[in-house]
Every structure is written in structure tokens, then in C-alpha cells.
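Comments concern the structure below.
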Amino acid sequence: METLNWVHSTRAVLRSLWYYMAKLLGMRIEEFRGHLDVELNEVGRQQEASCNENLMLKEQVEALLQENIILKRAVGIQHERQKESEERNQELQHLKRMVTQYQKQLRTLEGKGPLGMFLVNRQ
């Protein structure tokens, strides 16, 4: 009988110990869960901030790409204008040389007297 009492008593102690351990484990799990929730919330906030920053950077890149397209067009237009200006400048220089040449020919013909003036008037 004494053995039976000892078994029952041991079982009661073990049940109490298991109950205590389960309760302690449950408390530790809840504590861990609380810490985990806090950490997960922080990770979630960091991910949201990263996503927002990523979206902002994508918008900036898109704006820069649009500006780049506009600048490329502007450079192309400016290049064409510069080319046209250089062509007009070359034509102007050519015309100035021709005027100088004609003035020289006119002075030469004027120096030849009346015959030279006659030739000048014919042209």
C-alpha cells in the first residue's frame, strides 16, 4: 500500500511539475511572441519605408529620363541651328570676298580710263 501511495504521490508531483512547466513554457512562448511581434512590426515598417523610398527613386528616374529626352531634342535642335549659322556665315564670307574682288576689278577698270568705264557700265 505504501508503494501505491508513493506512486500516487509521485504522479501528483509529476502532474504539478508538468502543469508548472507547461504554464512556464506558455508564458515564455507569449513573451517570445510579444518580442517577435515587436520585431516583425519594426521589420514591416522598415520594408514599408524601403518600398516608399524605392517608389520615390523610380519616380525620380522616370522624371530624369523624360528630362533627358527633352535635352536630347534640344541639343539636336541647337546642333541644326549651329550648322545653319555656320553655313550662312560661310556664305557671307564668300560674298564678302566676291564684293572685295569686284571692287578691285572696278578700281582696275576705272584706272583704264573711259574704255574701262564703258565696260563697267555695260555690265
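The values are calculated or read from the model by the stated rules, or taken from the named source; none is laboratory data. Since this is a predicted model, take the numbers as computed values, not measurements. For accessibility, only protein heavy atoms count, side chains too; no ligands or nucleic acids. Shrake-Rupley method; radii C 1.70, N 1.55, O 1.52, S 1.80 Å.
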On the basis of being modelled with pLDDT of 95 or more and either within 23 Å of the chain's Cα centre (by Cα) or small (Gly, Ala, Ser) (or both), does Lys83 make the cut?
no
Out of all the residues in the stretch 89-110, is one or more part of a helix (DSSP H, G or I), open to solvent by 100 Å² or more (accessible area, probe 1.4 Å) and among the aliphatic types (A, V, I, L, M)?
no
